[in-house]
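Nothing in this text is a laboratory measurement; each read-out follows from the coordinates by a stated rule. None of the values given here were measured: they were computed from a predicted structure. Cβ atoms come from the backbone with ideal geometry, glycine included; neighbour counts cover every protein chain shown.
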Amino acid sequence: MKPDNVSSWEVNAAEFAWQADDVFGRIAGRYDRLCDLFSLGIHRLWKRRVAQAIARETWGTLLDGATGTGDIILRVLPQVVGQRRTIIASDISAKMLAIAAHRLGGHRDSVDLRQLDAEAMPTIASGSVDAYSMSLALKICNRRLAMQEAWRVLRPGGRLIVLEASNIPWAPLQRAYLLYMSLCMPLLGWLATGGDASAYKYLLHGIRDFPTAEALAQELRVQGFEDVAFERLSLGIVAIHTARKPSL
Ligand SMILES: C[S@@+](CC[C@H](N)C(=O)[O-])C[C@H]1O[C@@H](n2cnc3c(N)ncnc32)[C@H](O)[C@@H]1O
């Protein structure tokens, strides 16, 4: 239920913020398998596309917010072998970060892993980041606060890259997709999380309510970002939004 005193883009946080770490901590060990299950493995292609978008930028410092088990940074690292770059990967969940650290293996020292809430990252200096990526997490953060924080840490001219659930522009297909999600995914999620109802609800939360690709682009423009664009992937099930903080 949406509380009366919050705007639509604060609803997610109002409902779920209190349990964020708990939920992802509980399913951290199964998160990668869940991603494969929920997306039939296609999330790997989406994330490769995010890494390609990052590669198109000229950056010295990259921050991957809500990095989870590190899927984005693991795809970025091969691009920067032997180069002097700073990669910061943050997440609110210590358990997700621990898995990211494990997956990094021999590259562990190449990434600065930090436990941070994407809605307020006091240890990241304002204007210190050239590129900020966030993959499949904006719908479970307070969108307004997370994007404000992305704006703060980005340098003027810095690039925002966001992968998130979106909408299939052809309404009948979108309705069929949502029906599939509401019927099959809770069962799959319940089985995959060992019957942890809050975890699968959390994972599915926001897919239905997240703004359309056009609406999210408009929100970013209203916030002050320029050069806002989006690319729909998998018919529009997800989209990658890119935007630039204006140069001074
Ligand atoms: C669906 S996972 C996405 C992980 C990864 N980016 C990916 O694409 O696979 C969402 C992640 O967001 C993190 N998270 C949730 N709320 C957060 C917040 N307020 N600040 C930072 N991370 C948060 C969770 O701990 C989890 O690791």
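Taking the Cβ of PRO156 as the centre, find all other residues whose Cβ is under 15 Å away and add up their charges (Lys, Arg: +1; Asp, Glu: -1). Mind dumping the intermediate values first?
Numbers: positive: ARG152, ARG155, ARG159, ARG244, LYS245; negative: GLU57, ASP130, GLU226, ASP227.
Net charge in that neighbourhood comes out at +1.
Summing +1 for each Lys or Arg and -1 for each Asp or Glu, what net charge is found among the other residues whose Cβ lies under 13 Å from the Cβ of ARG114?
-4
Would you please give the residues with an amide H less than 5 Å from that of GLY68, counting only those at least 5 places away or on a separate chain, with H modeled from the backbone geometry?
Under 5 Å from the amide H of GLY68 lies no amide H from a residue far enough along the sequence or on another chain.
Mean residue ellipticity at 222 nm from the helices of the chain, using -39,500 (n - 2.57) per DSSP H segment of n ≥ 4 over the full residue count, to the nearest 500 deg cm²/dmol?
-12500 deg cm²/dmol
Which part of the stretch 109-136 falls in the paramagnetic zone of VAL81, meaning amide N under 20 Å from the point 7 Å along Cα-to-beta-carbon?
Within reach of a label on VAL81: 109-112.
Taking amide H positions as placed 1.01 Å from N in the peptide plane, with prolines and chain starts having none, which residues 5 or more places from ALA89, or on another chain, fall under 5 Å of its amide H?
ASP64, ASP112, LEU113, ARG114
Could you give the nm distance between label points at SER128 and ALA94, where each point is 7 Å from its Cα heading toward the beta carbon?
2.2
Per residue, how much space in cubic angstrom lies within the convex hull of the C-alpha atoms of the chain?
123
With a 10 Å radius around each residue's Cβ, average the other Cβ atoms per peptide and rank 211-221, 177-187, highest first.
Working: 211-221: 17.5, 177-187: 12.8.
Sorting 211-221, 177-187 by mean packing, highest first, produces 211-221, 177-187.
Apply the Karplus curve 6.51 cos²θ - 1.76 cosθ + 1.60, θ = phi - 60°, to the phi angles in the stretch 104-111 and return the couplings in whole Hz, x for Gly and Pro.
Those phi angles translate into 5, x, x, 8, 3, 6, 7, 10 Hz.
Quick one: what are the phi-derived ³J(HN,Hα) couplings along the stretch 40-52, Karplus 6.51/-1.76/1.60 with θ = phi - 60°, whole Hz, x for glycine and proline?
Per-residue couplings from phi come out as 6, x, 6, 4, 5, 5, 4, 6, 4, 5, 4, 4, 5 Hz.
Given the stretch 26-112 reduced to its alpha-carbon atoms as identical point scatterers, what log10 I(q)/I(0) does the Debye formula return at q = 0.10, 0.13, 0.17, 0.18 Å⁻¹?
-0.24, -0.41, -0.70, -0.79
How far apart, in nm, are the 7 Å Cα→Cβ label points at GLU231 and GLN115?
That separation, rounded to one decimal, is 3.5 nm.
What order, most packed first, do the peptides 239-248, 79-88 have when packing is the mean number of other Cβ atoms within 10 Å of each residue? Provide the component values of the computation, followed by the final result.
Numbers: 239-248: 18.7, 79-88: 13.2.
Order by mean packing, descending: 239-248, 79-88.
Students often check this: by mean Cβ neighbours within 10 Å, which of 166-174, 151-159 ranks highest, and how do the rest follow?
Going from most to least packed, we get 151-159, 166-174.
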